[in-house]
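The values are calculated or read from the model by the stated rules, or taken from the named source; none is laboratory data. The structure displayed is predicted, hence computed values, not measured ones. Glycine gets a Cβ as well: all are built from the backbone with ideal geometry, and neighbour counts include every protein chain shown. Each accessible area value is taken on the protein alone, full model and side chains, heavy atoms only, with ligands, DNA and RNA left out. Shrake-Rupley method; radii C 1.70, N 1.55, O 1.52, S 1.80 Å.
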Amino acid sequence: MSQDIEDFDVGADWHVAAPYDFLRRLRHERPVFHSAHLGAYVLTRYADVRAAYGDPRRFSSRGSLTISRSLTDETRAKLGEHGSFLSSFVANVDPPDHTRLRRSVSRAFTPRAVAAMEQRFRRLNEDMLDRLEPRGHADFVAEIGHEPSIKLTARFIGVPEADEAFVRAHVKDWFQLFLSPQPAGRQLELADSFLEYLDYVDRLVAARAKDPREDFTSLMTALIGAELTHREVVELISTILLGGNDTVPNQLGNTVLRLLREDCWPVPPTMIPNAAEECMRIDGASLGSFRYAAEDVVLHGRRIPAGSLVLLSTDSAAHDETVFPHPDEFQLDRPNADDHLVFGYGIHFCVGAALGRLQLRTALEVLGRRLPALRLEPDQEITYRRSLVGRGLTALPVRW
Ligand code: HEM
């Protein structure tokens, strides 16, 4: 790869599609470096990434998700008090706030509650396939990967079926607004969409406060005033909708592409759990997490000044040859595949990890059984969405 070692250009297509030769060089030559493009220091070795996740005192999450640094003044003015959206989201705060928020959120993700979602998710996949199977072809991303996860998350949160399309479109917009750089004009459009969406979530919270049901919104709304603020609940609902609508389907798309290319389709049911872990390791839907250095940190002789933004590159960590031998090789039965850090690590470890895993495994099982002849449309160009923090395909035409 010809990129200069200084040129960690997260806006470039190769950054999401095939960064591994570049990241390998960094791990060997510059395990800690400053990226001008990113305005952040980047940690690339597995041991350093894991240690930083495990040290929230020195690597603070406070404000780390608020990538709204790229918003123009006009966009900020339009957003007003909402310009700092996510400032009280659980992944964006440190203890003691984090401890309190995490305790509240975890109430909704008990092992029992997660296991209870399996049947529903299976049904959603079967229904989708009943409709699509006779056609013999589809775009995996648009037509297969997203729908069951979006519907499951909507039911979990308590979004009525009639509002699903609205929520889906708006979640996509606010993700773009806050988490990927956008031109000025586009920012204003996205800001309008975001404000409409906040209004919607506000109304949902008000409705559940009056008339509670068996859903996440009701559970969290009941805690307003005691454990949580209204804003915290709105931010939780918004981000969990994002987690469910986007990361799991992205991971499923990456996973199916990998399995088809490696000639591993369908995966025998007993192999599915490890196959899912190996796919998360090698083609993670999450590229890493941001932190701020709370004090000067010296690592491998390099000083990271207090206040600097730091990217913990889990994508690089997942390809670290000191932990995963032949890291660029896909091994269905890799013994330590699940040592990847795609769900993070430490106090912010993904609260939806069990639900994410359940969805991936269930989808692979149902899709493998019903579409055993699944294959890629030949001669397609594989392209990814541009993102600082996520890896997701734009499309994946398939046949069966
Ligand atoms: C394959 C799918 C998923 C991936 C790759 C993923 C990835 C991550 C990562 C890397 C973090 C850590 C962030 C940090 O340390 O800064 C995280 C946290 C989180 N995730 Fe996920 N996630 C997935 C699915 C989900 C789902 C399905 C939900 C909810 C329904 C969810 C909700 C959350 C929440 C609320 C946090 C914040 C936890 C905290 O800060 O304590 N995620 N996720």
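A few notes on this one:
- What the Cα convex hull of region 8-165 gives, in volume per residue, is 208 Å³.
- Signed unit charges on C-beta, dipole axis of the chain, positive-most listed residue Met280, Ala395, Thr75: Met280
- Rounded accessible area per residue of region 13-399, 1.4 Å, Å²: 42
- Cα-based reach from Lys172 at 20 Å (exclusive), listing lysines while leaving out same-chain residues under 8 positions away: Lys78, Lys151
- For Glu196, net neighbour charge (Lys/Arg +1, Asp/Glu -1) across residues whose Cβ lies under 14 Å away: -2
- Our helix-only sum for the chain, with -39,500 (n - 2.57) per DSSP H run of n ≥ 4 divided by its residues, gives a mean residue ellipticity at 222 nm of -14000 deg cm²/dmol.
- Cα-Cα separations in the chain greater than 42 Å, expressed as whole percent: 9
- Per DSSP, loop GluC sites (Glu not before Pro) in region 173-240 with at most 11 further Cβ within 10 Å: Glu214
- Within the chain, helices built from complete DSSP H runs that reach 30 Å or longer along their own axis (Cα positions) and carry a mean Kyte-Doolittle hydropathy of -0.5 or higher are 184-210.
- Working note: Debye formula, equal point scatterers on the alpha-carbon atoms of region 264-381, no solvent; log10 I(q)/I(0) at q = 0.14, 0.18, 0.20 Å⁻¹ is -0.73, -1.03, -1.17.
- A simple count of charges around Phe343, restricted to other residues whose Cβ falls under 15 Å of its Cβ and scoring Lys, Arg +1 and Asp, Glu -1, yields -1.
- Rounded if a/c under 1.5, otherwise prolate or oblate - region 137-244, Cα gyration tensor axes: oblate
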